[in-house]
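Report on one structure; see the data block that follows.
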Amino acid sequence: MNLFNIIQEIENFDPEVAGRLDSRRRVFKHFAGFGKKLALTAVPLALGSMLNKAYAQTNMKQQVAEVLNFALTLEYLEDEFYKAGLMAMSGNLIPAADKPIFQQIGKHETAHVNFLKATIPTLGTGAAFTPVAKPNVDYTGSKNGSRAALLPTVMTDYNTFKAVAQAFEDTGVRAYKGQAANLVSENAILDAALQIHSVEARHAAEIRRLNGKKPWIEGNDGGGPAPGITNAIYAGEENTVHAGFTRAQYTTMSDTAATRAFDEPLAKETVLAIAGNFIY
Amino acid sequence: MTKIANPDEKNAGLIKTIAQPVGRRSFLKYTGAGAALSTLLIVGCDNDDDDMNGDGVNLGSGDIGILNYAYALEQLESAFYTQVISTKFTGMTAMETEILTEIRDNEMIHRDFLKAAINAKAPGSIIPNLTPNFTAIDFTNRNSVLTTARTFEDLGVSAYNGAGKLFTDTGLGLDLLLIGGKIVSVEARHAAMIRQLLGSATAFAGDDVVSADKGLDVIRMPMEVLALAQPFITEKINGNNLPK
């Protein structure tokens with residue numbers, strides 16, 4: 001039995017198999033140790049086990065990369081939004097007093113973009129581990145003029161700009177929260193995702209304050225100038241059941257109070273549908 | 001894990017590991033190691049909740065230990081804001097009163113949720129009510145109250161951020177990871193608001209708490225968090241059995 005013939009055979013339907021195995025040197029060693037002790041007939045079993053491990057780990061890493069690429073799309077959307085807002089109307093869209101707030105937020109979004117771009121390729125090689133390209137953005141929601149603008153004044157009216165900023169930040173919080181469970185195989189990345197998640201929440205709180213709202217979300221109240229968009233962003237925030245516990249099982253306070261105390265996740269598809277309004 | 005291929009080294013590694021405080025995740029790596037380990041695992045989980053043996057309030061181990069850890073922090077925050085509202089600092093505005101009252105309510109709901117969850121998932125494992133030690137805080141003084149609030153909120157954010165990876169990767173652990181996520185972003189909202197009341201325009205996510213180059217919030221492991229929280233708690237908190 002020739003191990004390398006087998007791997008060459010596998011290469012016929014999976015050209016990346018050598019890469020997968022090469023990145024699993026430990027499994028290789030494990031296999032080499034087995035080879036001395038096992039009867040030749042047991043080798044195919046050990047080989048199968050080795051490949052299962054290699055493929056399972058690759059799949060986990062692909063899942064993590066997929067989450068990070070999803071996050072990267074959102075971070076691009078935020079980063080470009082603040083860059084555009086800070087420059088809009090010859091730099092006069094945002095009042096001078098509030099500019100440091102948006103510069104600080106924008107600085108973090110740029111850092112998140114760079115962090116995600118640098119992290120995704122560390123998980124593996126090939127298309128699945130390539131950072132997505134920066135999307136084409138149109139914050140009016142007209143998809144580059146192909147449909148009526150949803151928010152025609154987003155870059156000319158400060159209140160509209162702030163409302164959209166709140167929408168992005170509150171959506172970002174929900175998006176990261178919804179993906180945490182898909183990152184548990186990579187502790188360092190789960191750490192970083194949670195660290196980004198709480199930064200987005202700090203941003204959201206501050207922008208809500210600028211909009212005259214409480215920093216936390218009560219019920220599913222989103223407000224904002226475009227209910228058609230913001231309803232989807234806040235749908236489900238009124239939930240009071242957590243890990244199967246109903247509100248009455250954990251507090252005597254009101255449902256309204258309970259909704260303030262917990263933020264809710266949002267499914268990737270829903271987030272992408274919201275974000276899709278601004279991407280063409 | 002490379003040691004597992006050699007049975008002798010595996011056993012040596014196991015003994016060495018168990019002699020030290022062991023993280024849940026480390027334990028799981030050795031689940032195939034046999035019955036002796038199972039016994040040790042059960043003993044490891046059988047912790048005392050009280051101060052009878054002089055090692056303080058033992059938070060326990062595994063997922064429930066992490067819940068007790070969060071429960072201890074939420075008890076501390078709840079007690080703090082209850083005091084803040086019952087003895088308001090000089091000049092507390094109507095807006096500040098509303099904000100601080102709602103933060104108090106949020107913390108009490110977090111505390112009571114964790115209590116309900118621990119009692120349902122692991123009856124008898126919950127830590128007792130803790131006695132706060134707020135002697136260092138001047139509750140009549142706005143700056144003293146708000147700087148302490150900032151400390152507690154930033155600490156809470158860093159604690160939940162660090163605890164995410166300590167939950168088991170399946171079943172209950174995944175549920176609890178999500179719960180932690182639902183709570184931590186509310187703590188971050190608190191932190192941002194308190195910081196805004198205290199500081200400059202960018203304090204809500206200032207460079208002192210969010211790294212300027214990476215845009216990452218603070219993250220702390222339980223032992224570091226407990227060391228920072230301990231001065232505000234009368235009982236000695238023992239987190240030695242928590243996952244690491």
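Listed values, structure above:
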read-out	value
Selected residue (only one of B:94, B:159 is more than 7 Å from every other protein chain (Cβ to nearest Cβ), surrounded by fewer than 20 Cβ atoms within 10 Å (Cβ to Cβ) and modelled with pLDDT of 95 or more)	B:94
Listing of helices (runs of 4 or more DSSP H) fully contained in region A:146-262 that carry 1 or more residues being closer than 27 Å to residue A:136 by Cβ and touching a Gly at 6+ places or on another chain (Cβ under 8 Å)	A:158-179, A:187-210, A:227-234
Region B:222-243 - residue that is out of contact with any strand residue (DSSP E or B) (no Cβ under 8 Å at 6 or more places or on another chain) and part of a helix (DSSP H, G or I) and, of those, nearest to residue B:156 (Cα to Cα)	B:225
Test: residue in region A:98-105 that is at pLDDT 95 or above, on the phi < 0 side of the Ramachandran plot, part of a loop (DSSP other than H, G, I, E, B) and in contact with a helix residue (DSSP H, G or I) (Cβ under 7 Å, 6 or more places away or on another chain)	yes
Per-region count, region B:119-132, residues away from chain A (no Cβ under 11 Å) and surrounded by 15 or more Cβ atoms within 10 Å (Cβ to Cβ)	6
Residues being in contact with a Phe, Trp or Tyr (Cβ under 9 Å, 6 or more places away or on another chain) and farther than 21 Å from residue A:154 by Cβ - total across region A:265-280	2
Per-region count, region B:174-186, residues without any contact (Cβ under 8 Å) to a residue 40 or more places away in the chain and more than 7 Å from chain A (Cβ to nearest Cβ)	0
Residue within region B:224-238 that is more than 8 Å from chain A (Cβ to nearest Cβ), in contact with an Asp or Glu (Cβ under 6 Å, 6 or more places away or on another chain), under 30 Å from residue A:107 (Cα atoms) and β-branched (Val, Ile, Thr) present	no
Residue satisfying all of: in region B:187-223; touching a residue at least 60 places away in the same chain (Cβ under 8 Å) and facing chain A (nearest Cβ under 7 Å); farthest from residue A:178 (Cα to Cα) among these	B:193
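The values are calculated or read from the model by the stated rules, or taken from the named source; none is laboratory data. Treat the numbers as computed from the prediction; the structure is a model and nothing was measured. A quick note on method: Cβ atoms are made from the backbone with ideal geometry, for glycine too, and the neighbour counts reach across all protein chains shown.
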